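The values are calculated or read from the model by the stated rules, or taken from the named source; none is laboratory data. In this text the structure is predicted, and so the values were computed from the model without any measurement. Because the Cβ atoms are built from the backbone with ideal geometry, glycine has one as well, and the counts that use them run over all protein chains shown. Ligands, DNA and RNA are excluded from the accessible area calculation, which covers all protein heavy atoms including side chains. Shrake-Rupley method; radii C 1.70, N 1.55, O 1.52, S 1.80 Å.
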Amino acid sequence: MLSTPAPDRRFQTKTSPEGKVDQTAELAGKHLLLGLTGGIACYKIAELTRLLTKAGATVQIAMTEAATQFITPVTMQALSGRPVYTSQWDARVPNNMPHIDLSREADAIVIAPASTDFIAKLAHGLCDDLLSTLCIARDCPLLVVPAMNRQMWQNAATQRNVATLRGDGVEVLGPDSGPQACGEIGDGRMLEPTATFEAICAFFQPKILRGRRVLITAGPTFEPLDPVRGITNRSSGKMGFSLARAAAQAGADVHLVAGPVALETPWGVYREDVQTAQQMYDAVMHASPDTDIFIAVAAVADWRVDHVSEHKIKKSADEKLPTFSFVENPDILAAVAKLPNPPYCVGFAAESGDLDLHGEEKRVRKNVPLLIGNLGPLTFGLDDNEVVLFEASGKTCLPRADKKLLARTLIGEIAKRAPRGGSILS
Ligand code: CTP
């Protein structure tokens, strides 16, 4: 009787301790072959591996002999949870062809750090060790993350080799600029692990917004009362920043106008910080003519005091409470929608009740083709969200999801609706 052969466990998608793959993780189901070459930046790959596996990717490490001088295979095995390969002659691969087998299951090969020497090898098609042979034998995309001294990076031969790689369709990520391990300052530093991680995530996203210019407002505004006090709200900015990230990953040219928030600028996004609604209005009106899609996510203060005290307001001796008179702030979304040739405008609404009524009413009042309403309790600061799309044809409910994944879905919905080739009248 024939027995069923045992599954080859090397390439199984990594499972959680409960034995389940988290399908909502950003890189769930992705299999990456991460190749380390010799360079001090190898220390960054420990953190990169952690970020990739945490995002659901299966990471198979292969190292050159030189890389093992900078970080041990034991460390990389512990972090990736898989055996590490360093030799062409590794007998653990059943058919003794690690250069073929290890690359076949990979969705992409990432060489990080990529040394000057390894880049030269790749550019010339040399394959004298496991990693370079893997690259030549691959049938998947290749990403290269250079790391070297600034003179080595600027060297004409290196520049020629990098241009050759780009011409061959290899994705070159970075390098960064700044202080180097050797003490010099300049171009050639490897991208930080988070930036490399973001670039890898972006690589896997379809470029549905390539060539589109997207303007996004995010976060709260802060309306001062005096030099130390002001009025603001509980918007964390997470939804707007997640949309900016998703739009950039989809290939858009993204301009993010952010109120006061404590969030990292998403990879590849141009960020402009503002404080007040008036400043946000000015920034948006300035950028609008160069915009194809405007997404207003900011929780803009409706009012500001008509006179900001020059000095800190003191408690008065007779215990009289201060009084303020307010004036209305400009409605940024409505103003953009009113422009003679407006971009495709998308509004957001966070309501504490009767979303159906307020959502559609708000969409019509602001004269925008699409308004996205938060369903259920206000979600300020939370990592997930459940939304409803309001448009002239009716409403569509989307399931609750992590804000980053929801942002990706929303960018897909917006890309489907925003007309190409010029702006529209809503
Ligand atoms: N918005 C804006 N400028 C403002 C107020 C709101 O651009 N001054 C935008 C928000 O970014 C959001 C949409 O309009 O996309 C709806 O915001 P919301 O605060 O819900 O609307 P308001 O018109 O302020 O209505 P209300 O506060 O009365 O619910």
When restricted to ALA283, ALA301, ALA252, the only residue farther than 14 Å from GLY240 by Cα and within 11 Å of the ligand (Cβ to nearest atom) is ALA301
Residue set ARG189, ARG150, ARG160; condition of a type outside the set (A, V, I, L, M), over 24 Å from ILE71 (Cβ atoms) and in the same structural domain as TYR43 (by TED's automatic domain parsing); output residue ARG160
Of those in the stretch 329-380 that are of a type in the set (Phe, Trp, Tyr) and open to solvent by 20 Å² or more (accessible area, probe 1.4 Å), the residue nearest to the ligand (Cβ to nearest atom) is PHE348
Within the stretch 60-75, the count of residues that are farther than 20 Å from PHE118 by Cα and either touching a residue at least 60 places away in the same chain (Cβ under 8 Å) or open to solvent by less than 60 Å² (accessible area, probe 1.4 Å) (or both) comes to 1
Taking the stretch 74-101 and keeping only residues that are within 21 Å of ASP128 (Cα to Cα) and in contact with a strand residue (DSSP E or B) (Cβ under 6 Å, 6 or more places away or on another chain), one is left with VAL84, TYR85, THR86, PRO98
For strands (runs of 3 or more DSSP E) lying entirely in the stretch 138-246, having 3 or more residues that are open to solvent by 10 Å² or more (accessible area, probe 1.4 Å) picks out 176-179, 185-189
Counted residues in the stretch 249-287 being open to solvent by 20 Å² or more (accessible area, probe 1.4 Å), of a type in the set (Gly, Ala, Ser) and under 20 Å from ILE414 (Cα atoms) come to 2
Check on VAL74, part of a helix (DSSP H, G or I) and over 19 Å from CYS140 (Cα atoms): yes
Considering residues that are in contact with a helix residue (DSSP H, G or I) (Cβ under 7 Å, 6 or more places away or on another chain) and either open to solvent by 70 Å² or more (accessible area, probe 1.4 Å) or outside any loop (DSSP other than H, G, I, E, B) (or both), the number found within the stretch 299-316 is 1
Across the stretch 265-279, the tally of residues that are more than 8 Å from the ligand (Cβ to nearest atom) and more than 22 Å from the chain's Cα centre (by Cα) stands at 4
Evaluate the stretch 314-328: report whether one residue or more is closer than 24 Å to GLY237 by Cα, free of Cβ contacts under 8 Å to residues at least 40 places away in the same chain and either more than 11 Å from the ligand (Cβ to nearest atom) or of a type outside the set (D, E, K, R) (or both). no
